[in-house]
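Everything below concerns the one structure shown next.
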Amino acid sequence: MSALANEFSWSHSRHESFQACLKRYYFAYYASWGGWDENAPARVRELYRLKRLSTRQQWAGHHAHQAIEFLLKNARRDPSGEIAASAEPRQIDLMRREFRDSRAGAYRADPVHVPGLFEHEYQLEISAEEWKATVDRVAVAIRQFLAGDVWQAIQEVPDDGFLAVERRAHFLLDGLKVYAVPDLVIRRGGQVIIYDWKTGVAPLAEHRTQLGVYALLALDRWTAAPGEIEAVAYNPILDRREAFAYSADDLETLREFVRDSADEMLFPLENPESNDAGDGANFDCADDEAPCKTCPFLRACPRWNA
Ligand code: SF4
């Protein structure tokens, strides 16, 4: 087994996983821990392999993010526009290769490096048109991003105004490690602006809490003044955005939210001090079967394998 300790930390995605289904959360954050190691027990390896699967929607979102990251890191200072123009074919080509590898089951032998698709693992019948539409969404996201005014505005920011691009970061809240991965953070006109790219169908206003956690990170890293922080959820496919501001009171409420959520997560553990979840008996399956439809742990879950 890996010697890497499984330390308790908090993130917004972890909170969402905990709220969706305790059993799924247990599989993702405890039972699959160390499964990247070839010498881990077979059950741990299997759960890790399942954890790494993506639905086609998640896969498309990942590729849209990766393409925008490529543009931000490589195309801002290219007046010819050639690098920007290469982003779409480059990304679509990568998607094609990943699709073929996933369909062939290559991820089973190497889940650490080879992406696997949920639809292939569970042999779902997805039409060729639907797969094409999935890839097309990424192409549209790249094209629309390049045509939108967010990209225009970003290009005018000097290099030292770029504070973070897709960088996993954390801050401490009363000793608790809180992780956040804002897609882009820039400094412009005395403001710290946080961007998060959204390619799903959820209304952008629903992301206020998640981006509020990024605002807490900004307060820890880049400014002491809440009034200087603006957080923007931007959907390049629809060219829609929602901007959020947070008062000092709002941020204190967010801190309370994180503390309460972390306390809830620690409650079912066998030993919260050592972040030990035991055999998972305290982590029940969700009452509702709705989250099961896209759950990568279907084949391991007691609900479906009694
Ligand atoms: S299949 Fe359903 S009940 Fe089982 S872990 Fe997944 S979401 Fe939870």
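A short reminder: the numbers here are calculations on the coordinates, not readings from a lab. Everything quoted here is computed from the prediction, not taken from an experiment. When we count neighbours, we look across all protein chains shown, and the Cβ atoms used for this are built from the backbone with ideal geometry, even at glycine.
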Q: In nm, give the distance between the simple-model label positions of Arg221 and Asp276, each being 7 Å from the Cα along the Cα-to-Cβ direction.
A: 3.5 nm
Q | For q = 0.22, 0.23 Å⁻¹, Debye-computed log10 I/I(0) when each Cα of segment 153-264 counts as one equal scatterer | A | -1.31, -1.40
Q) Mind listing which GluC sites (Glu not before Pro) in segment 142-213 are in a DSSP loop and have 11 or fewer other Cβ atoms within 10 Å? A) Glu156
Q: Go through segment 1-108 and name the trypsin sites (Lys or Arg not before Pro) that are in a DSSP coil and have 10 or fewer other Cβ atoms within 10 Å of their Cβ.
A: Arg77
Q | Count of lysine pairs in the chain with Cα separation under 26 Å (8 or more residues apart, or interchain) | A | 12
Q: Between Gln123 and Ser247, take the C-beta separation as r, use R0 = 41 Å, and let me know the FRET efficiency to the nearest 0.05.
A: 0.25
Q: For the chain, build the charge dipole from Cβ charges (+1 Lys, Arg; -1 Asp, Glu) around the Cα centre, then report which of Val178, Tyr48, Ala202 sits farthest towards its positive end.
A: Tyr48
Q. Considering only DSSP beta bridges whose two residues both sit in the chain, what percent are antiparallel, to the nearest 5?
A. 70 percent
Q: Provide the gained length on full extension for the span Leu176 to Ala85, in nm with one decimal, where the gain is 0.36 nm per separating residue minus the Cα-Cα distance.
A: 28.5 nm
Q: For the chain, just the Cα set please: Rg and Dmax, both in angstrom.
A: 20.4, 61
(Q) Could you work out [θ]222 nm for the chain from helices alone, using -39500 (n - 2.57) per DSSP H run of at least four and dividing by all its residues? Round to the nearest 500 deg cm²/dmol. (A) -13500 deg cm²/dmol
Q) How do Asp239, Asp183, Asp160 rank when sorted from fewest to most other Cβ atoms within 10 Å of their own Cβ? A) Asp160, Asp239, Asp183
Q) Charges only on Cβ, +1 for Lys and Arg, -1 for Asp and Glu: so what's the dipole of the chain about the Cα centre, in debye to the nearest 20? A) 980 debye
(Q) Within 10 Å of each candidate Cβ there may be at most 13 other Cβ atoms; applying that plus a DSSP loop requirement, which GluC sites (Glu not before Pro) in segment 209-306 survive? (A) Glu270, Glu289
Q) In sequence order, what are the phi-derived ³J(HN,Hα) couplings for segment 144-156 according to the Karplus relation 6.51 cos²θ - 1.76 cosθ + 1.60 with θ = phi - 60°, rounded to whole Hz, with x for glycine and proline? A) 5, 4, 5, 8, x, 6, 4, 4, 4, 5, 5, 5, 7
